[in-house]
Amino acid sequence: MKKNKIFLVGPRGSGKSTIGKLLSKRLNLDFIDSDELIEKEYKTTISDIVNEKGWSFFRKIEKETLFKICNISHPLVVATGGGIVLDKENRELLKKSGLVFYIKVPVPVLVERLKKDKDLSSRPPLTDLSLEKEVEKVLEEREPLYESVSDYTIDGDKDIDEVVEEIERKSKALFNKF
């Protein structure tokens, strides 16, 4: 397993997929969105998987998917699911397989982005709380995990091109080895 991936971690709405797609084009690398990969493989939405089989089943296949991604030999940009950091083995795998960037975005901005998200219905709720309270609670739980696994914390509440450029700059050292 080579340490040749760029992983983007953070909560839903932080922009991991959008940033990842732009970054992969700039670096001329393939891009994988781990949630999209799961949906493609299972031919259904994550929401349907969670509704039919539960969160523990989803977390199991999320872990298997991360392992497959990490075993791809060539460099990649990877947008991960928001909860990938909940599993200790996933955190260890992320650290040893590449550079990890935590896309940090304030709660009010996340809430606004999620309200505008046309795909929100395909994202299963994580709690039975209101969107605002859910975002606060989930971020409170996960932020220490995002920070513990990350090589860099990036301010995701600025112009997307600035975010992509910052990650590109910080990634150059890793990819100059190839």
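The values are calculated or read from the model by the stated rules, or taken from the named source; none is laboratory data. The structure presented is a predicted model; accordingly, all values stated were derived computationally and were not measured. Backbone-built Cβ (ideal geometry, glycine too); neighbour counts: all protein chains shown.
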Filtering segment 29-59 down to residues that are closer than 21 Å to residue 153 by Cα and not in a helix (DSSP H, G or I) yields 31, 32, 33
Exclusive hit being within 21 Å of residue 162 (Cα to Cα) and β-branched (Val, Ile, Thr), set 18, 65: 18
Kindly check whether there is at least one residue in segment 11-20 that is farther than 19 Å from residue 145 by Cα and aliphatic (A, V, I, L, M). yes
Looking at (1) in a helix (DSSP H, G or I); (2) touching a Lys or Arg at 6+ places or on another chain (Cβ under 8 Å); (3) buried (at least 17 other Cβ atoms within 10 Å of the Cβ), which is the one condition that is false for residue 91? (2)
Do we have residue 32 as touching a residue at least 12 places away in the same chain (Cβ under 8 Å), touching a Phe, Trp or Tyr at 6+ places or on another chain (Cβ under 8 Å) and not basic (Lys, Arg) here? no
Residue within segment 11-28 that is outside any loop (DSSP other than H, G, I, E, B), touching a residue at least 12 places away in the same chain (Cβ under 8 Å), of a type in the set (Val, Ile, Thr) and under 17 Å from residue 62 (Cβ atoms) present: no
Picking from 24, 73, 34, the residue that is polar (S, T, N, Q), in contact with a helix residue (DSSP H, G or I) (Cβ under 9 Å, 6 or more places away or on another chain) and either at pLDDT below 95 or within 23 Å of residue 168 (Cβ to Cβ) (or both) would be 34
Across segment 125-145, what is the total count of residues that are touching a residue at least 12 places away in the same chain (Cβ under 8 Å), out of contact with any helix residue (DSSP H, G or I) (no Cβ under 9 Å at 6 or more places or on another chain) and assigned to a loop (DSSP other than H, G, I, E, B)? 0
